[in-house]
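Please treat every number below as a calculation from the coordinates, not as lab data. Computed from a predicted model, the values in this text were never measured in an experiment. Note that each Cβ is placed from the backbone with ideal geometry, even for glycine, and that neighbours are counted across all protein chains shown.
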Amino acid sequence: MSADANRKTVLITGTSSGIGLAAAERLATAGYRVFGTVRREQDAGPLERAGGEPVLMDVTDAESIEAARHVVEQRLDGRPLAGLINNAGIATGGPWELVPLERVRSLFDVNFFGVVAVTKAFLPALRAARARIVMISSISGRLAGPFMGPYASSKFALEAFSDSLRRELAPHGVEIVVIQPGPITTPIWAKAREQASHRLERGVYEAALSEFQRQVERAVQTALPASDVAEEALRALEARRPPTRLLVAHKATLLRLFSFLPDRWMDRLISARWRR
Ligand SMILES: NC(=O)c1ccc[n+]([C@@H]2O[C@H](COP(=O)([O-])OP(=O)(O)OC[C@H]3O[C@@H](n4cnc5c(N)ncnc54)[C@H](OP(=O)(O)O)[C@@H]3O)[C@@H](O)[C@H]2O)c1
């Protein structure tokens, strides 16, 4: 019998860097067999060094997802798939008035439709194994701040998908756990900055956007390490009765309380930050 036969297997999307790579490393260390998806073969090095096995997949490409499903099924060779971590994601921000609709669609293609497509592709195997599905949402899946609209919308959609899926699959023994990280140190910030620099006109939002960028820079400086999210991903897979949502952020208790405030109070709290 091969060494793989006794190990629980998990599939993680987007493991070339950041949270996905950290989760692959943490789960491999904990004894899991980890299939990690990358879009390009040349990006597989860090994952392999972390103990994961690369699988090529672009979550926006149906054929690529189907090919990856086939590869995973073959490598599993009849053994169960114990978990799926939907992590692959991108970030796009900006004022609704200025963000091109095409960019919003591309964002949803990865952060929402990509997650739905991957989950659907692996669902028969996950249901048969009474597996866990972990969604990497965001604090922006709880609170939609100004200039975070497109990203927050994609994560709110992911939250609704997760809630309905959890209720559908509970009778089948499949648990869905949503992880909501606050700012985490990963390359996603640099990638988002790179995209933002291509935006031409800032129009009437110039001053507010400059303040927003200052706030983002502050958030980046105090961001938590990706290993904190990886630890919660392990907990989501292993807890006997996992929480439906895991918030990974500074001042998590305060953030939870915000959910109970009336909208107008939240509006005032947020706008007060801009005046400071
Ligand atoms: N960092 C934060 O502060 C933070 C906070 C809350 C939530 N999150 C969420 O955490 C998740 C991981 O982000 P991260 O911060 O770790 O960023 P990251 O380091 O940029 O990682 C994103 C991963 O997603 C992959 N990806 C992007 N588009 C893809 C596609 N079309 N198909 C397949 N894979 C794709 C990337 O692959 P390539 O290298 O090929 O692009 C990369 O492996 C995202 O869902 C993000 O929204 C992050």
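Brief remarks follow.
- Close amide H partners of Val248, meaning residues 5 or more places away or on another chain with modelled amide H under 5 Å apart, are Gln180, Gly182.
- Residues of type lysines that Lys191 reaches as a straight line, Cα spacing below 23 Å, ignoring anything fewer than 8 places off in the same chain: Lys155
- Positive end of the dipole of the chain (Cβ unit charges, origin at the Cα centre): among Leu255, Ser153, Gln74, the Cα lying farthest that way belongs to Leu255.
- Gaussian network model of the chain, springs between alpha carbon atoms under 10 Å - residue of Pro80, Pro171, Pro146 with greatest fluctuation: Pro171
- The HN-Hα couplings worked out from phi for region 33-50 by the Karplus form 6.51 cos²θ - 1.76 cosθ + 1.60 (θ = phi - 60°) are 8, 10, 9, x, 8, 9, 8, 10, 3, 5, 8, 7, x, x, 5, 5, 5, 7 Hz, whole numbers, x standing for Gly and Pro.
- Measuring nothing but how far apart in sequence close Cα pairs (under 8 Å, 6+ apart) lie, relative to its length, region 1-147 scores a relative contact order of 23 percent.
- Partners of Lys8 within straight-line reach, counting lysines whose Cα lies under 23 Å from its Cα and excluding those fewer than 8 residues away in the same chain: Lys120.
- Sorted peptide list for 231-240, 109-118, criterion being average Cβ within 10 angstrom, highest first: 109-118, 231-240
- For region 3-275, the Cβ-based charge dipole about the Cα centre amounts to some 900 debye (Lys, Arg positive; Asp, Glu negative; other atoms uncharged).
- Max mean-square fluctuation residue, GNM over the chain, Cα-Cα springs under 10 Å, options Thr60, Thr15, Thr222: Thr222
- The Rg/Rh ratio for region 102-155 is 1.09, where Rg is the radius of gyration of the alpha carbons and Rh is the Kirkwood radius.
- Using a cutoff of 8 angstrom between alpha carbon atoms and counting only pairs six or more residues apart, the relative contact order for region 122-276 works out to 28 percent.
- Cα-Cα separations in region 61-190 greater than 20 Å, expressed as whole percent: 48 percent
- Within the shell of other residues whose beta carbon sits under 9 angstrom from the beta carbon of Arg142, the net charge comes to +2, with Lys and Arg scored +1 and Asp and Glu -1.
- Taking θ as phi - 60° and the Karplus parameters 6.51, -1.76 and 1.60, the scalar couplings of region 228-243 work out to 5, 6, 4, 4, 5, 5, 5, 4, 4, 7, 10, 4, 4, 10, x, x Hz in sequence order, x denoting glycine and proline.
- Relative contact order of the chain, taken over Cα pairs closer than 8 Å and 6 or more residues apart, is 19 percent.
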